[in-house]
Amino acid sequence: MPRAYHHGNLRRTLLDAAVALFAERGAFDFTLRELARAAGVTHNAPYRHFAGKAELLEALRSEGFVALAAAAQASLSAAGDDPRKRVRALGDAYLRFAIDEPHRFRLMLHNPLGNADDPVVGQGNALSILKDTLEEARRAGVVRQDLSARELALAAWALVHGLSSLMVAGQIPADDARVRRYGKLLETTFFEGIARR
């Protein structure tokens, strides 16, 4: 029987329980009543923080994108000034986030993108950090000039997201040595292309 919630952070408990249910089921198909039961709280407790499942999912997505942006910013801080190393660092941060937080990673892209207030679209998110970093690389003459920084960011994101998704799905191994090797492969493919020289 669910107990009244007397301690801690109810919102955090519900978010963690939602991720655990998603990981267990592989789908976001549970009700808020089931979430309450899994979290060990009364069936009305989730409604103190979330109007419904859509709001719960949006909170999980937002939290994931904020964490990804923080990882991206931290990786840039450690990367130094070389534009290529900075772009590579962002790719490595994305791969590492996906591997370390596979269920959160999958939940983040569960629904289509929202509006400009969405954490993947607005300012200060991982995509805008990547775009700004590629703009710095354009100014330094390291990347091609005939594509915008946004177009280059989309190409880079597609490459690293594809690899991340394959690793999270267990289609390719995700041990540290392979992550480093695949990160280098993506860097080479992105900066040098695959056209015959």
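Taking the stated definitions as given, is residue 144 outside any helix (DSSP H, G or I) and of a type in the set (Lys, Arg)? Outline the logic, then answer.
Working: outside any helix (DSSP H, G or I): yes; of a type in the set (Lys, Arg): yes.
For residue 144, the condition - outside any helix (DSSP H, G or I) and of a type in the set (Lys, Arg) - is met.
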So which residues in segment 166-197 are among the small types (Gly, Ala, Ser), farther than 24 Å from residue 107 by Cα and assigned to a loop (DSSP other than H, G, I, E, B), if there are any at all?
193, 195
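Going by the structure shown, is residue 77 modelled with pLDDT of 90 or more, touching a Gly at 6+ places or on another chain (Cβ under 8 Å) and not hydrophobic (A, V, I, L, M, F, W, C)? Show your work before the answer.
Details: modelled with pLDDT of 90 or more: yes; touching a Gly at 6+ places or on another chain (Cβ under 8 Å): no; not hydrophobic (A, V, I, L, M, F, W, C): yes.
Answer is no for this residue.
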Where in segment 7-81 are there helices (runs of 4 or more DSSP H), lying wholly inside it, with at least 2 residues that are among the acidic types (Asp, Glu)?
10-25, 53-79
May I ask you to list pairs of residues, at least six apart or on different chains, whose Cβ atoms are under 9 Å apart, with the first in segment 155-167 being farther than 15 Å from residue 126 by Cβ and the second being modelled with pLDDT of 95 or more and of a type in the set (Asp, Glu)?
none
For the list (1) more than 23 Å from residue 173 (Cα to Cα); (2) at pLDDT 90 or above; (3) in contact with a Phe, Trp or Tyr (Cβ under 7 Å, 6 or more places away or on another chain), I need the number of the one condition that residue 97 fails.
(1)
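The values are calculated or read from the model by the stated rules, or taken from the named source; none is laboratory data. This is a predicted model, so every value here is computed, not measured. Note that each Cβ is placed from the backbone with ideal geometry, even for glycine, and that neighbours are counted across all protein chains shown.
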